[in-house]
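The values are calculated or read from the model by the stated rules, or taken from the named source; none is laboratory data. None of the values given here were measured: they were computed from a predicted structure. Positions of Cβ are generated from backbone atoms using ideal geometry, with glycine treated the same way; all protein chains shown enter the neighbour counts. Surface areas here come from the heavy atoms of the whole protein model, side chains and all, with no ligands, DNA or RNA. Shrake-Rupley method; radii C 1.70, N 1.55, O 1.52, S 1.80 Å.
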Amino acid sequence: MAESFKAYLVSKTDDGQNVDLVDLTEDDLMEGDVTVRVSHSTLNYKDGLALTGTAPVVRRWPMIPGIDFSGIVEKSEHPEFNPGDPVVLTGFGVGEGHYGGYSGVARVSGDWLVPLPKGLRADQAMAIGTAGFTAMLCVLALERHGVAADDGDVLVTGAAGGVGSTAVSLLAQLGYRVVAVTGRMDETPYLKDLGAQEVIPRDTLSGKLRPLAKEQWSAAIDVAGGAVLAHVLSGIHYNGAVAACGLAAGMDLPTSVAPFILRGVALYGVESVMVPKPRRIEAWNRLVRDLPLDRLGAMTRMVPMTDLPELGQRIVQGGVRGRTVVEIGA
Ligand code: NDP
């Protein structure tokens with residue numbers, strides 16, 4: 001008889017959805033040319049949406065959520081991977097349209113996998129996870145724009161969350177003066193430990209929007225969108241840049257063209273799901289080089305798989321600090 005493993009399965013019901021911890025075998029998995037024994041996954045904002053049904057991120061029912069995972073290849077028909085290889089996966093609709101990481105075993109396309117970067121353990125790769133990978137993509141976007149450490153302060157919104165914590169830590173390590181924006185001012189000591197020089201309350205970026213406000217920041221990484229991003233844009237220096245990756249404050253963008261046409265501000269959209277492999281490998285290599293592993297430890301909590309339903313609720317309410325690594329099978 002085929003060996004069974006535990007997985008979380010979300011299924012649609014007449015009045016919402018159910019989240020169940022079930023026993024599956026490899027016969028239940030979806031198509032793919034690499035089978036991975038999953039050791040770790042994480043909790044991202046999007047996973048919270050999938051676990052709670054708060055927004056329609058699940059595109060196929062039933063679904064195993066978990067948009068990222070790390071583990072060891074068990075079987076492979078893909079030329080780049082062999083049994084025993086440690087691997088990482090983020091994105092490609094895993095956990096949304098293809099069974100994801102909240103499962104003891106995952107079967108995926110080898111084209112979606114990245115070899116575990118040298119110098120990282122599987123749990124550390126998931127402490128970074130999609131959130132940290134996205135933060136790195138944001139930093140790379142600002143670097144390509146030419147933002148330098150001595151240009152001035154760099155703002156990070158949603159700083160106590162997953163993307164934000166990693167962005168603060170990366171930018172500080174790279175020598176930028178980081179201003180962290182948070183709705184949780186009691187997290188100030190945590191954010192300063194990560195390297196923020198200054199912590200400001202989220203409501204600084206609310207109220208009546210002036211198309212152009214005082215030039216305060218050379219650049220920003222924004223996870224919030226909505227009115228928060230509009231306020232960020234109006235305070236960016238001449239020729240500065242913003243990397244926008246999230247919508248924690250909303251999908252809309254109630255701004256004007258003033259920052260773009262009168263200050264030459266650039267707005268870069270950052271997308272982590274379909275990033276081509278060479279850029280993925282570049283980002284992971286930069287994470288190994290630039291993200292201090294002691295700070296990674298400080299921003300990470302390890303939880304058993306059975307905590308997922310409750311943590312899914314908490315992350316959509318903005319109540320999770322930093323990164324959460326899920327021990328699969330625990
Ligand atoms: P988290 O929940 O860990 O962090 C989000 C943070 O945003 C919260 O911790 C909070 O930080 C802040 N926040 C919450 N509500 C609001 C609000 N109403 N206004 C302003 N800030 C708010 O999520 P992640 O870090 O995993 O993801 C952050 C965002 O980035 C999400 O929108 C997610 O969907 C998006 N994302 C996008 C990716 C892409 O490919 N483009 C990839 C990964 C994430 P604080 O308490 O410090 O204010």
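If we scan the range 249-256, do we find a residue that is open to solvent by 40 Å² or more (accessible area, probe 1.4 Å) and outside any loop (DSSP other than H, G, I, E, B)?
Looking for residues that are open to solvent by 40 Å² or more (accessible area, probe 1.4 Å) and outside any loop (DSSP other than H, G, I, E, B), one finds none in the range 249-256, hence no.
Being over 22 Å from residue 218 (Cα atoms) and within 14 Å of the chain's Cα centre (by Cα) is the requirement here; does residue 324 meet it? Explain how you work it out, then say what you get.
Numbers: over 22 Å from residue 218 (Cα atoms): yes; within 14 Å of the chain's Cα centre (by Cα): yes.
Against the criterion (over 22 Å from residue 218 (Cα atoms) and within 14 Å of the chain's Cα centre (by Cα)), residue 324 qualifies.
Hey, among 187, 143, which residue is part of a helix (DSSP H, G or I), in contact (Cβ under 8 Å) with a residue 24 or more places away in the chain and over 16 Å from the mean Cα position of the chain (by Cα)? It would help to see each step written out before you state the result.
Working: 143 fails: in contact (Cβ under 8 Å) with a residue 24 or more places away in the chain.
The unique qualifying residue is 187.
Could you pull out the residue among 229, 170, 267 that is under 28 Å from residue 67 (Cα atoms), more than 13 Å from the ligand (Cβ to nearest atom), crowded, with 22+ Cβ neighbours inside 10 Å and at pLDDT 95 or above? Give the derivation first.
Working: 229 fails: more than 13 Å from the ligand (Cβ to nearest atom); 267 fails: crowded, with 22+ Cβ neighbours inside 10 Å.
Exactly one of 229, 170, 267 is under 28 Å from residue 67 (Cα atoms), more than 13 Å from the ligand (Cβ to nearest atom), crowded, with 22+ Cβ neighbours inside 10 Å and at pLDDT 95 or above, namely 170.
Do we have residue 218 as surrounded by 19 or more Cβ atoms within 10 Å (Cβ to Cβ), touching a residue at least 12 places away in the same chain (Cβ under 8 Å), more than 10 Å from the ligand (Cβ to nearest atom) and over 29 Å from residue 48 (Cβ atoms) here?
On the way: surrounded by 19 or more Cβ atoms within 10 Å (Cβ to Cβ): yes; touching a residue at least 12 places away in the same chain (Cβ under 8 Å): yes; more than 10 Å from the ligand (Cβ to nearest atom): yes; over 29 Å from residue 48 (Cβ atoms): yes.
Criteria met by residue 218.
Go through the range 302-330 and give me each residue that's touching a strand residue (DSSP E or B) at 6+ places or on another chain (Cβ under 9 Å), more than 18 Å from residue 158 (Cα to Cα) and charged (D, E, K, R).
307, 327
Scanning the range 234-248 for residues that are within 22 Å of the chain's Cα centre (by Cα) and more than 8 Å from the ligand (Cβ to nearest atom), which turns out surrounded by the fewest Cβ atoms within 10 Å (Cβ to Cβ)?
In the first step, residues of the range 234-248 are kept if they are within 22 Å of the chain's Cα centre (by Cα); the result is 241-248.
Next, only the ones that are more than 8 Å from the ligand (Cβ to nearest atom) stay: 241-244.
Numbers: 241: 24, 242: 25, 243: 27, 244: 22.
Top of the filtered list is 244.
So for the range 151-172 (the condition being hydroxyl-bearing (Ser, Thr, Tyr), in contact with a helix residue (DSSP H, G or I) (Cβ under 9 Å, 6 or more places away or on another chain) and not in a helix (DSSP H, G or I)), does at least one residue qualify? Before you say what the answer is, go through the steps one by one.
Of the residues in the range 151-172, the ones hydroxyl-bearing (Ser, Thr, Tyr) are 157, 165-166, 169.
Subset that is in contact with a helix residue (DSSP H, G or I) (Cβ under 9 Å, 6 or more places away or on another chain): 157, 165-166, 169.
From what's left, not in a helix (DSSP H, G or I): 157.
The answer is yes; a qualifying residue exists.
Please specify each residue of the range 277-314 satisfying the condition of being more than 16 Å from the ligand (Cβ to nearest atom), without any contact (Cβ under 8 Å) to a residue 60 or more places away in the chain and open to solvent by 80 Å² or more (accessible area, probe 1.4 Å).
Residues satisfying the conditions are 278, 289, 294.
For the range 282-330, name all the residues that are part of a loop (DSSP other than H, G, I, E, B) and either of a type outside the set (Val, Ile, Thr) or touching a His at 6+ places or on another chain (Cβ under 9 Å) (or both). Can you show your working first?
Our first condition is that a residue be part of a loop (DSSP other than H, G, I, E, B); within the range 282-330, this holds for 291-292, 299, 317-322, 328-330.
Once the filter is applied, which keeps residues that are part of a loop (DSSP other than H, G, I, E, B) and either of a type outside the set (Val, Ile, Thr) or touching a His at 6+ places or on another chain (Cβ under 9 Å) (or both), the range 282-330 yields 291, 292, 299, 317, 318, 319, 321, 322, 328, 329, 330.
Inspect the range 221-244 for any residue being part of a strand (DSSP E or B), of a type in the set (Asp, Glu) and under 19 Å from residue 142 (Cα atoms) and give the result as yes or no.
Quick first cut of the range 221-244, residues part of a strand (DSSP E or B) only: 221-222, 225, 236-244.
Then drop every residue that is not of a type in the set (Asp, Glu), which leaves 222.
Still in the list and also under 19 Å from residue 142 (Cα atoms): 222.
Looking through the range 221-244, at least one residue is part of a strand (DSSP E or B), of a type in the set (Asp, Glu) and under 19 Å from residue 142 (Cα atoms).
Condition (residue is among the acidic types (Asp, Glu) and over 25 Å from residue 119 (Cβ atoms)) applied to the range 285-301: is it met by at least one residue?
Kept after step one, since they are among the acidic types (Asp, Glu), are these residues of the range 285-301: 290, 294.
From what's left, over 25 Å from residue 119 (Cβ atoms): none.
Within the range 285-301 (the criterion being among the acidic types (Asp, Glu) and over 25 Å from residue 119 (Cβ atoms)), the answer is no, since none of the residues qualifies.
Since residue 317 meets every condition but one in (1) surrounded by fewer than 16 Cβ atoms within 10 Å (Cβ to Cβ); (2) under 17 Å from the mean Cα position of the chain (by Cα); (3) touching a residue at least 60 places away in the same chain (Cβ under 8 Å), which condition does it not meet?
Unmet condition: (3).
Need pairs with beta-carbon distance below 6 Å; first residue farther than 15 Å from residue 190 by Cα and within the range 150-165, second assigned to a helix (DSSP H, G or I) and open to solvent by less than 10 Å² (accessible area, probe 1.4 Å); sequence gap 6+ or separate chains.
154/171
Can we say residue 90 is of a type in the set (S, T, N, Q), within 16 Å of the ligand (Cβ to nearest atom) and in contact with a helix residue (DSSP H, G or I) (Cβ under 7 Å, 6 or more places away or on another chain)?
Working: of a type in the set (S, T, N, Q): yes; within 16 Å of the ligand (Cβ to nearest atom): yes; in contact with a helix residue (DSSP H, G or I) (Cβ under 7 Å, 6 or more places away or on another chain): yes.
So residue 90 passes the test.
Assess whether residue 107 counts as being over 21 Å from residue 306 (Cα atoms), of a type in the set (Lys, Arg) and modelled with pLDDT of 95 or more. Please lay out each step first, then the result.
Details: over 21 Å from residue 306 (Cα atoms): yes; of a type in the set (Lys, Arg): yes; modelled with pLDDT of 95 or more: yes.
Judged against the criteria, residue 107 is a match.
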